[in-house]
Every structure is written in C-alpha cells, then in structure tokens.
C-alpha cells in the first residue's frame, strides 16, 4: 500500500510527535544524564508552567488522569458513603475514581447539544450526602460552569473539573480547570498534550488544597518518611515524562489551533449533510480533542469509512450505567434519556494536529460519498 493510501487513524500520537523528535530526544537525554529521575527540576518546571497557564495557585503532577481525580476527591475529603454527582456519558475513569475512594457515583443526564453535564439535573440529584460534583468537559467543549458553580455554591459543594479532554478550552477567556475548586488533567498519549507514556496533573485554586495534594501523592508524607495525612498514595509524574511535556507545552497553542482549523474545515464541508455536527457555544472555546458527529446510520457510515481505509471511533459505546463493573453501587436519580439516545448515533472522525491535508480530504470525500454527495 502506498503512503498516499495508508489507513487514516482517529488519533496518531507518533505523527503528532514527529516534528519534535529531536527536541524530545534531547530532553530525554538531559534527564538521563542528570541522574535525577523523580521530583526533579523538570517536574517543578512543568507544574509551575501549568499552574501559570491554567491560572491556578498551584498544580501537582501525578501518575495519570485517573490518579488526578482520585487525589482531588481525597484532598476534598470525599470518602466512603459520600455521593458524587457526575455523568454516565463519559470515559470510565471518571466514575472509577469515585468508586476508588469508596464514594457513590450519582449519574445524571447530559445536555445533548454539547454532551456535557446538564445543570438542570443537579437540583433533583443532590442531597445531604452530596460531597462533590464532577463536570466532564467532554470532547474538548466546556461544560456550563456558570450554572454548575452557581448551584454548587448554594449547597457548599466543591466542584472538580474533569479536564482530561479539554486542556486549553476556555469560557469567556477563562481556562477550564481554574473555574471549579480543582481541575484534573490527563497526559495520555492521545490527549491535547500527550506524553510518551502516561501522566496527570491536579490544579487547585487554594494553597491548602495544593499542599494536601503534594502530601497525598506521596504516601501522605508531611516530611520525608513521616506520613501524616491518611489515604496517601504513590502517584508520581516522573522527570522523563515531565521533560517531554515541557517540550510539547511550548507548541500546545499551535496544536490546538491546528485542531480547530481541521474541525472548521469539517464543519464547512459537512454542513449540508444529515449529520449533527459539534456545537461551540457563545463564549466557549472548543479544543476538539475529539471530533464527534451524530448519525442515525452510524454503523453503516463507520463501515463505509473502514472500506476506504479510514478509522473511526465511538466515544463512548457503553454509558457507565450499563457497565456492571462501574454501575454497581451507583445511584441514578432520573432517567438518562439523552445519554441513552445518543449512544447509537455518535461517531468520532479522525482529527489530530499531525493530520496532513491529503488525509483530511480523504475523510471529507468518503463521508460525503456515503451520503451521495460529491
């Protein structure tokens, strides 16, 4: 198969890293030669850069996005018997983190226009046991944080933003992760800022939460070898991944603009097709971690793309509430009407910063040809 007809993937971390190959290798060699592999200057630099970029008091590097959510919950005192409001239409780790601290996930419905938590569901879902809300900025579009935070403040409930897919998304110029009490980020290789491995980060508005997070990520230590805070973990962002992320962070703004450019091209080319295209609400900046459309013939469209050598995905085929390993012990206060309605319609099309123009054209032509359009 010629390079022109190679399979087009939904995401391609190798292609996204390729133009930074020499810089990344130099950073890796620098860490190797330093002899400092944990909690060294690369991690400190990355944490400060991220806190400054997001606009929070501090940021704490951890082992993964899931660890970020777990540590955020622990830092806010959430534990066994407490309830946490979040959505069923999300990646499993959002709810897995709630279960890991012994709390009860309370699953609410989404706003079908942006696929994020619907603030109107919160009043009926909350009760005296509600100890946190986790809105998920899904696919790169921000939740309605003004409404969510307004409700949370009336009940004195902390808000943990799941920003795993939405680094650099904003609401009226304000970065996600800085609006709630805590923001959690993932650096899984396909994310907006991807490591060559795994990593995560928790950003917090107040110094006391930042300090508690530092303790919790290392066994609850308040000083070396002295554990003071219960439920401490071992969750470290290592120097090697931090060095790689420091290189990539300098190019993140360009990568996001590239994502938005590709999404804009798709939006223009698909405007006349019977698809529901991604929305971008007034005042919001979508980062297009994923480009998700809705089609009432989703599976047939996916098969058509596959025959043309074009990958697609479903994010996510199974809502959390139908997965026994995650749904056990959760509470569903209302019917999840929109969550269930979109599960058979959503389809993720290829989009990543390293995607060449020819690949975009092939995706556009193949989608259009399915609907009989030239």
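Readers should treat all values here as calculations from the given coordinates under stated rules, not as data from a laboratory. None of these values were measured; they are calculated from a predicted model. Cβ atoms come from the backbone with ideal geometry, glycine included; neighbour counts cover every protein chain shown.
Kindly put 5, 368 in sequence by how many other C-beta atoms sit within 10 Å of each C-beta, fewest to most.
Details: 5 11, 368 15.
Going from sparsest to densest Cβ surroundings: 5, 368.
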Practice task
Among 185, 270, 46, rank each residue by its count of other Cβ atoms within 10 Å, from fewest to most, as a rough exposure measure.
Solution key: 270, 46, 185
Practice task
Would you calculate a helix-derived [θ] at 222 nm for the chain, using -39,500 (n - 2.57) for each DSSP H run of n ≥ 4 and dividing by the full residue count, to the nearest 500?
Solution key: -11000 deg cm²/dmol
Practice task
First measure r as the distance between the Cβ atoms of residue 48 and residue 374, then evaluate 1/(1 + (r/R0)^6) with R0 = 45 Å and state the FRET efficiency to the nearest 0.05.
Solution key: 0.30
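With r as the distance between the Cβ atoms of residue 357 and residue 22 and R0 = 22 Å, compute the FRET efficiency 1/(1 + (r/R0)^6) and round to 0.05. Write down the numbers at each step before the final one.
Numbers: r = 24 Å, r/R0 = 1.09.
So, using R0 = 22 Å, E works out to roughly 0.40.
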Exercise for the section: With the Cα gyration tensor of region 66-158 in hand, convert its eigenvalues to equivalent ellipsoid semi-axes via √(5λ) and list them largest first in whole Å. Expected result: 19, 16, 11
Exercise for the section: Rank these for me by crowding, 347, 252, going from fewest to most other beta carbons within 10 Å. Expected result: 252, 347
Exercise for the section: Kindly provide log₁₀ I(q)/I(0) values, in the same order as q = 0.12, 0.14, 0.21 Å⁻¹, from the Debye equation applied to equal alpha-carbon scatterers of region 1-135. Expected result: -0.75, -0.90, -1.22
Practice task
Quick one: among 72, 125, 204, which has the greatest mean-square fluctuation in a GNM of the chain with alpha-carbon springs under 10 angstrom?
Solution key: 125
Practice task
Please state, to two decimals, what the Cα-based radius of gyration of region 91-214 comes to when divided by 2.2 N^0.38 Å (N = residues).
Solution key: 1.03
Exercise for the section: Take the alpha carbon atoms of region 80-149, find their center, do the same for region 15-73, and report the distance between the two centers in whole angstrom. Expected result: 28 Å
